[in-house]
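Heads up, the thing below is written out as structure tokens.
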Amino acid sequence: MSLLKSVFSVSSLTLLGRITGYMRDLLLAHLIGANAISDAINIAIKIPSFFRRIFAEGAFHVSFLPAYAHTQKNKVFAGMVLSMLLLALGCLTLGIERYYAPLSQWVLTDAHPATLGYVQQFGPIVFPYIFFISVVSFFGSILNAHGRFSALAISQAIGNITIILFVSCLSGFTCETGLLFSWGVLLSGMIQTAFIVYSSWKGGYFITPCWPKWTPDIKQFLKKFLPGLLSVSTVQINTIIVPLYLSSRLPVGSLSYLQYADRLYQFPLSIIGIALSSVLLPMLAEKIKDNDQESADAVFSQALRFAWIVTVPSLILMSVCSFPIVITLFGSGKLSIAQLISISNIVKIYALGVPAYIVIKIFTARFFAARDMFTPLIGGIISAIIDVISALVLVDVLQHLALALAACIASWGYAIFLVVRLMGRDGWDFPKSLQVFFLKATGAGVISAAAVFSVTFILKAVFGPFEGFSLWGKIGGVALFTGTCGITFLVGLWKMGVCSPETMYTLAQYFRRKKS
């Protein structure tokens, strides 16, 4: 039950970060829309995000956390790693700042001149964000290793709120909205750093940098970090670099469509993949370190069950109700109906990749917990190759939809490789009880999908097209679809014998009263 409680806590706070992120994007859509400026802002943010996910949230996190657990949470070891991280980030930031213009021109060779000009204006302001947010991820890893998940999970919401307040308060004094967003992103990194460092200090987990020494623990950490770096790099190439490069060859606004759709795509991922893997990695690392394989398998199986229960209704809503959700969330800005339809089509494609993404997060957490960096590396390389080939083949025909479809295909290739690898090499057996659970939960999902589709059809037949609804009518419609999906899915789980109303009540009491 500790896994479920921790995931519930982290997912709630992470979801808050996604909601405030949506509000940030909504502000961008309202003030700017989808054009060269919005594309440039998204590009300027994605470049440091690429390095952040490699150095901070990706390779560093999955390499450092098991190593930190292996050293019995040694603060001297952590201080030496922090020093190396700060030195690497400082050199990277100075180098990119010095050569930002030629590098951006090289990466965005085919970009629209206006977009490229704005990128070169916004990018040098935003890029130092990588330094601050990497420090946030380091101290977040320390806190996670000690079972403190809340501070890191809520820091993203604090950053988004900072941007929203900064832009909202100053937008009346200047028409340079792109510059406001750029400075707001940098300020958000500083605020998040101050918050996470204070949380670490208050909890007694503050780490002081100390000069690195060539100790066995540092050697082992670097040995695991380098393949982890390559592994995470391939994933980020799929999700950031390939869309960034190819979208520059597409009509202006295409990258903004992908960003707005990705914001909706991140809602279920924040509840399932990100929160679950954040909790699962330290738990599995501890159990594997203690050679408790039975407990590790039990936690792993529980994670898969929980993930699938949340994945199925998310997949239904993103597939069946993508346009009503998109027009409700983004329809009040400067986006046209045609642009909203483009975003909703991307959401439908992204929905097909949700199960694969969840499998990747859970299975890579198991490999990383065992300090196996090479298996995710091989899978990431395979995924990157699939993504690049698929995108290049499809982009001329499907335009921006090709980038979403290529990412979806690549995710499934990566997920299948990880499952086959764990079953073949490590002898993991897909338990029959787990297979039956998946089939029954999927059956409940089919019942729920039919119910939601029927409600959308009836609503359209009675009241007309959804775009003609008032704002409150749209909100009510989306609430109706969501409620129908959730209720019918729970009824389906009950009828399929997965859980009973008594079990749901007991689980609710467990979370409310904190009793086992």
Can you compute the radius of gyration and Dmax for the range 432-495, using only the Cα atoms, both in Å? 14.7, 49
Using the crude model of +1 on Lys and Arg Cβ and -1 on Asp and Glu Cβ, and no other charge, please compute the dipole size for the range 358-503 relative to its Cα centre, in debye to 20. 280
So what J values fall out for the range 202-211 if you push phi through Karplus, 6.51 cos²θ - 1.76 cosθ + 1.60 with θ = phi - 60°, rounded to Hz, Gly and Pro as x? 5, x, x, 10, 5, 10, 9, x, 9, 4
With the charge dipole of the range 123-230 built from beta-carbon charges (+1 for Lys and Arg, -1 for Asp and Glu) about the Cα centre, the Cα from Trp214, Phe132, Ala194 projecting farthest to the positive end belongs to Trp214
For the range 449-462, Karplus couplings with θ = phi - 60° (6.51, -1.76, 1.60), whole Hz, Gly/Pro x: 4, 4, 5, 5, 4, 5, 5, 5, 5, 5, 4, 5, 5, 7
Put +1 on the Cβ of every Lys and Arg and -1 on every Asp and Glu Cβ in the range 314-435; which of Trp412, Val354, Val397 then has its Cα farthest towards the positive end of the dipole? Val354
If we sort 430-436, 197-203, 17-23 on the protection proxy, mean other Cβ atoms within 10 Å, highest first, what's the order? 17-23, 197-203, 430-436
Take each of the peptides 308-314, 358-364, 101-107, average the number of other beta-carbon atoms within 10 Å over its residues, and list them starting from the highest. 358-364, 308-314, 101-107
When ranked by the protection proxy of mean other Cβ atoms within 10 Å per residue, highest first, what sequence do the peptides 470-477, 315-322 form? 315-322, 470-477
In whole Hz, the Karplus estimates of ³J(HN,Hα) for the range 154-164 (6.51, -1.76, 1.60; θ = phi - 60°; x where Gly or Pro) are 8, 4, 5, 4, 4, x, 5, 5, 4, 4, 4
Could you give the nm distance between label points at Ala194 and Asn35, where each point is 7 Å from its Cα heading toward the beta carbon? 3.4
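Rule-based calculations on the coordinates, nothing more; no lab input. Because the structure is a prediction, the values reported are computed rather than measured. Every residue, glycine among them, receives a Cβ derived from its backbone with ideal geometry; neighbour counts consider all protein chains shown.
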